[in-house]
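A short write-up of the structure that comes next.
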Amino acid sequence: AWSLFKRLDISSDILLELNCLGSNENRKEYTKALLEYLKPFHADLDEDSINRLDKNPLRILDSKVLQTQEIVKNAPKLVDFIDAEELDKFNKTCEYAKSLGISYNVNKNLVRGLDYYSGLVFEWTTDKLGAQSAICAGGRYDSLVENLGGQKTPAIGFGMGLERLL
């Protein structure tokens, strides 16, 4: 993606946002703590966040609703649940980005909407689009094939909106 952005001469308008979800086990433990924290705020959450409580509670972290953003400010932090091996991989990724001259920001509330993501997640964003800032987003999904009955297959991928890119 970075190579494409450079070739299109838009790399100076784009910022890489990174986060680490940790392993599946890390995420499960964090999800328990997050749900426990959110219980007293149930009535104060927006409708989308209430729906996400059962389906994908981590998505509440990236809510765009101001009242929900205020609630999650004091929520447990995902980074406190991530094991040393996952943190080491994430820190190496940040070092690689820096060595390639890629501007990035660690966004601790960045999550992906699908449960099969683990480890690194990312978004390429810009301030040139208005309310929708993401141009490209993705991450690691090392256990997806295994969860579907296949063999363990490490993987990473992303999706990009052509209209947003244009």
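Answer yes or no as to whether LEU45 is over 30 Å from LEU100 (Cβ atoms), crowded, with 18+ Cβ neighbours inside 10 Å, touching a Pro at 6+ places or on another chain (Cβ under 8 Å) and without any contact (Cβ under 8 Å) to a residue 60 or more places away in the chain. Judged against the criteria, LEU45 is not a match. Filtering region 16-39 to residues that are among the aliphatic types (A, V, I, L, M) and either surrounded by fewer than 18 Cβ atoms within 10 Å (Cβ to Cβ) or free of Cβ contacts under 8 Å to residues at least 40 places away in the same chain (or both) leaves ALA33, LEU35, LEU38. Across region 117-166, what is the number of residues that are over 23 Å from CYS94 (Cβ atoms), open to solvent by 40 Å² or more (accessible area, probe 1.4 Å) and part of a loop (DSSP other than H, G, I, E, B)? Matching residues across region 117-166 total 11. Hey, among the residues in region 113-160 that are out of contact with any strand residue (DSSP E or B) (no Cβ under 8 Å at 6 or more places or on another chain) and of a type in the set (Asp, Glu), which one's farthest from ASN24 (Cα to Cα)? In this case the residue turns out to be ASP127. Which residues, taken from region 116-131, are out of contact with any helix residue (DSSP H, G or I) (no Cβ under 7 Å at 6 or more places or on another chain) and within 16 Å of CYS20 (Cβ to Cβ)? Selection gives TYR117, VAL121, PHE122, GLU123.
Selection over region 93-115 of residues that are over 25 Å from THR68 (Cβ atoms) and either open to solvent by 90 Å² or more (accessible area, probe 1.4 Å) or assigned to a loop (DSSP other than H, G, I, E, B) (or both) gives a count of 8. Among the conditions (1) without any contact (Cβ under 8 Å) to a residue 60 or more places away in the chain; (2) surrounded by 13 or more Cβ atoms within 10 Å (Cβ to Cβ); (3) within 24 Å of GLY119 (Cβ to Cβ); (4) not polar (S, T, N, Q), ASP80 misses just one, which is (2). Note on region 127-166: residues that are within 20 Å of LEU61 (Cα to Cα) and either modelled with pLDDT under 85 or not basic (Lys, Arg) (or both) total 10.
The values are calculated or read from the model by the stated rules, or taken from the named source; none is laboratory data. All values derive from a computational prediction rather than experimental measurement. FYI the Cβ positions are ideal-geometry reconstructions off the backbone, even for glycines, and counts take in every protein chain you see. These area figures cover heavy atoms from the full protein model, side chains too; ligands, DNA and RNA do not enter into them. Shrake-Rupley method; radii C 1.70, N 1.55, O 1.52, S 1.80 Å.
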